[in-house]
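The values are calculated or read from the model by the stated rules, or taken from the named source; none is laboratory data. Keep in mind it's a predicted model, so treat the numbers as computed, not measured. In this analysis, Cβ positions are derived from the backbone assuming ideal geometry, glycine residues included, and neighbour counts consider all displayed protein chains. Quick note on the areas: whole protein, heavy atoms, side chains included, nothing else; ligands and nucleic acids left out. Shrake-Rupley method; radii C 1.70, N 1.55, O 1.52, S 1.80 Å.
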Amino acid sequence: MIIKKMILKNFRQYMGINEIAFSSDCDKNVTVIISENNGAGKTTLLEAFNWCFYRNLNLPNSDQILTGAIMKNMKDREEEVAFVEIHLSNKGKNYIINRKNIYIKIDGKITRKSRDFNIQIKNSDGILENIDSNEIENIIPEDLSMYFFFDGERIENLSQENTKGKKDIGQAVKNILGLDILVNAQKHLKIILKEYDNEYDAGNSEKMKGYQDVLVTKEEKLNKTKKDLDVLSDENEEMKKMLRDYDKKLISFDKVKELQKSRTQIEQTKRENIKHIDTLYKELRVKNKLNLADYITSKILSVYVDKFNMEDFEDKGVIGIDGKAIDQLLKRGVCLCGNKIEKGSEEYNNLIEQKKYQPPASLAVIAKQFNQRITECKNSSENFREEINNINRKIETINEKIDGHSKNINQISLQINNAGGNIEEIETKRNEIHNDLKKNEKEIIELKVKIKEIKNIIDKVEGNLDELAQGNEKNRKIYLKKLYVNQVKEKIEHYYSRKENEIIKNLNEKVSEVFLNLIETNHKITINDDYTFSVIDEDGIESTSTGQNIITTLGFIGGIIKLAREGHDEIEVSEQYPLILDAPLSDLSTKHKKNVAKVLPNIAEQLIIFTLDKDYYSNFEEVIKSKVGKVYKLIMNQEEYKRTIIERCKNVN
Amino acid sequence: MKYDEIDQNIVDILITEIIRKEKEFIHGKKKSESIQRSELKKLINTEVYKNDN
């Protein structure tokens with residue numbers, strides 16, 4: 001999709017008609033929109049896309065569309081119009097999308113008289129034809145728009161790795177690569193299963209009714225607990241952010257700079273060690289699940305194995321054959337090998353003898369089976385004890401290290417406290433937040449355990465209900481549908497998890513590639529399973545500087561777009577979209593600004609970039625200018641009502 | 001749950017059709033979640049019992 005033109009009339013501070021023709025040249029795919037100051041209308045212009053396409057406006061006083069100065073001068077019964085019109089091409093077709101509100105002043109009060117949304121397509125003769133307004137979802141799906149519109153606030157959220165940013169980027173990745181289809185399918189199937197539980201006809205069965213009631217109550221409890229968990233998680237993110245802010249403040253004091261740096265490093269190592277311990281506990285649980293039963297069995301049974309003298313049973317008894325099978329052979333008169341068995345013959349007598357050693361007549365086979373089982377248990381659990389001991393030793397060693405880290409952190413905290421003055425005050429506040437965070441993390445763990453318990457109860461009650469459902473034909477039919485839905489859901493879940501792992505791996509590669517071009521240092525970026533990212537410097541320390549965070553975010557956005565452009569398989573969305581970015585260049589170093597200018601135009605098909613003129617003309621322009629097709633300037637008049645006009649800058653290059 | 005009594009061909013058809021319908025739901029004309037679920041339930045009903053009719 002290429003955006004060709006945007007026309008605004010009386011839209012917020014853009015009074016009268018303002019027009020921007022975006023550069024759609026392949027070689028010069030960049031349009032730059034600059035303003036002298038913040039507040040000139042960059043965000044409003046970015047939001048004009050959102051309003052035109054989806055009637056969303058993420059701005060203060062979002063219901064106020066018409067320009068303030070126009071409203072002020074309207075006479076009674078006079079009508080005024082506000083609109084945003086966007087001209088674009090998509091999959092070889094040209095569209096004009098127009099959203100319009102008409103306002104009227106009656107008795108001194110201005111109200112919206114009507115609103116209109118219109119999409120026109122230009123056919124091969126150049127004639128414009130109206131099409132269904134719902135087509136907007138096919139041209140630019142709203143869910144996907146989040147990956148090509150990036151306002152300053154979103155970039156900040158992404159760079160700060162807070163919950164909003166985390167959800168935002170996770171959702172964007174899922175939408176672009178089609179995983180949202182699978183997420184939705186799973187969500188709907190899950191609800192359908194619950195609906196089937198309610199559809200079971202309990203008839204006169206009090207037990208069934210009881211189970212159905214329990215399910216409703218437990219589901220409500222589960223949802224409430226999940227909501228509580230979300231609130232605590234948000235608080236957790238907020239506290240972590242506050243801690244980071246205090247750390248930044250402390251690092252700005254020369255007196256404690258090195259102490260704070262060292263604390264950050266120790267805290268990071270401590271976190272890694274705690275993670276390591278979690279992994280070891282998981283390993284322990286898996287090993288116990290796989291081998292503990294065999295280990296215990298082999299230990300118990302080995303006490304009895306000496307009671308049998310297995311030599312007594314050597315060459316006697318064949319596992320898998322019982323007396324009945326021998327009787328059948330004798331009856332049919334033909335052996336398994338095909339030889340005839342005549343009564344009184346040597347073969348006949350041998351089989352009669354053999355019957356004595358086969359169950360149920362003989363214990364020989366049972367003893368052999370018993371012995372075989374002990375051997376199997378012994379083999380499968382042979383190294384079990386040693387392996388478990390090894391893991392426990394590792395856990396012990398790491399726990400000792402963690403204790404050491406905690407002691408060091410406490411010592412540093414005391415030293416920082418002793419610095420007195422402002423530093424002491426900041427450190428005290430930091431410690432308060434740190435303690436609150438610990439409390440919050442404990443509560444989070446408790447809620448997670450509670451959720452697991454409720455889920456277990458739900459599973460058990462559902463199982464009981466399914467069993468009772470076998471009692472009548474109508475319920476058996478519902479049960480059969482549940483069986484199908486469960487298997488479909490499991491298969492989709494399995495596919496989703498495989499696909500997501502592949503995507504995270506690919507995204508990691510793409511983001512690292514873009515990031516390295518932007519940063520040019522020995523930093524490494526890693527994308528975690530929850531779509532958060534961390535940047536580690538050559539000493540293994542996590543980076544926290546604002547400039548670096550913004551570069552990381554831009555690397556991330558670039559990586560997503562690269563991945564989406566390559567396309568992957570049948571469920572993914574292959575259409576390419578422009579990148580429209582309110583770029584916070586102010587916090588970037590000269591080198592980083594130049595790198596951004598070099599890298600971004602090559603990532604997206606079309607780049608529309610909003611920035612302050614001081615940022616654009618210092619270093620950024622000299623690198624990007626060969627790719628820039630058009631430059632516009634937002635000029636703001638700060639009168640009684642804020643007004644902005646858009647002016648094309650001539651002689652760009 | 002036991003899966004031995006269910007037909008894997010029907011499971012495959014259901015997966016394909018459900019994903020197609022969800023794709024339409026996300027990228028097509030907007031409809032409510034409950035209408036979407038009711039359409040999925042109709043599909044499940046038809047596929048699971050089509051051999052009975």
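Rg/Rh for the stretch A:420-465 (Cα atoms only, Rh after Kirkwood) is 1.49. Here the ratio of the Cα radius of gyration of the stretch A:429-538 to 2.2 N^0.38 Å is 1.77. In order along the stretch A:126-139, the Karplus-derived 3J(HN,Hα) couplings, from 6.51 cos²θ - 1.76 cosθ + 1.60 at θ = phi - 60°, round to x, 8, 8, 10, 6, 10, 4, 5, 5, 4, 3, 5, 7, 6 Hz, and Gly and Pro are given as x.
Straight-distance candidates among the aspartates and glutamates for linking to A:Lys642, with alpha-carbon spacing under 12 Å and chain neighbours fewer than 8 residues away dropped, are absent.
By the scheme Lys and Arg +1, Asp and Glu -1, what is the net charge of all other residues having a beta-carbon under 11 Å from that of A:Gly558? It works out to a net charge of +2.
Summing charges over all other residues whose Cβ lies under 14 Å from the Cβ of A:Phe22, with Lys and Arg as +1 and Asp and Glu as -1, gives +2. With all pairs of different C-alpha atoms in the average, the Kirkwood value for the hydrodynamic radius of the stretch A:196-292 is 18.8 Å.
Placing A:Asp180, A:Asp436, A:Asp529 in order of accessible area, with the largest value first and a 1.4 Å probe, yields A:Asp529, A:Asp436, A:Asp180.
Of the residues A:Asn18, A:Gln354, A:Tyr211, the one whose Cα sits farthest towards the positive end of the charge dipole of chain A is A:Asn18 (charges of +1 on Lys and Arg Cβ, -1 on Asp and Glu Cβ, taken about the Cα centre). Relative intensity of the stretch A:58-202 on a log10 scale, I(q)/I(0) at q = 0.11, 0.16, 0.19 Å⁻¹, equals -0.74, -1.06, -1.14, per a Debye sum over C-alpha point scatterers of equal strength in the absence of solvent. Scanning residues 5 or more positions from A:Leu612 or on other chains, those with amide H under 5 Å from its amide H are A:Ser35, A:Leu585, with H placed 1.01 Å from N in the peptide plane.
Label-to-label distance, B:Glu33 versus A:Asn198, with points set 7 angstrom from Cα along the beta-carbon direction: 1.3 nm.
Scalar couplings 3J(HN,Hα) for the stretch A:433-445, obtained by applying the Karplus form with A = 6.51, B = -1.76, C = 1.60 to θ = phi - 60°, are 4, 4, 5, 4, 4, 4, 4, 4, 5, 5, 5, 4, 4 Hz; x denotes Gly and Pro. Between A:Arg332 and A:Ile106, the modelled labels are 9.7 nm apart [label points 7 Å from Cα along Cα→Cβ]. Placing +1 on the Cβ of every Lys and Arg and -1 on the Cβ of every Asp and Glu, with nothing else charged, gives the protein assembly as shown a dipole about its Cα centre of roughly 940 debye. Within the stretch A:129-276, the proportion of Cα pairs with more than 18 Å between them is 77 percent.
Partner shielding of A:482-492 amounts to 6, given as the average count of beta-carbon atoms from other chains within 10 Å of each residue beta-carbon. In this assembly, the B-A interface accounts for approximately 3300 Å² of buried accessible surface in total, computed with a 1.4 Å probe and without ligands, DNA or RNA.
Reported to the nearest whole Å, the Cα centre-to-centre distance from the stretch A:192-244 to the stretch A:483-518 is 27. Per residue, the protein assembly as shown exposes an accessible area of 53 Å² to a 1.4 Å probe, with every protein chain left in place. Listed by chain and number, the lysines placed with their C-alpha closer than 20 angstrom to that of A:Lys614 are A:Lys42, A:Lys591, A:Lys593, A:Lys594, A:Lys598, A:Lys625, A:Lys627, A:Lys630, A:Lys633, A:Lys650; residues fewer than eight positions away on the same chain are left out. The share of accessible area on the protein assembly as shown that comes from carbon and sulfur is 48 percent, using a 1.4 angstrom probe. When the surface is traced with a 1.4 Å probe over the full set of protein chains, B:Ser34 keeps roughly 70 Å² accessible.
From helices alone, the protein assembly as shown scores -20000 deg cm²/dmol at 222 nm; the rule is -39500 (n - 2.57) for each run of n ≥ 4 DSSP H residues, then divide by the residue total. Quick note on chain A: its Rg to Rh ratio, both from C-alpha atoms and Rh being the Kirkwood radius, is 1.12.
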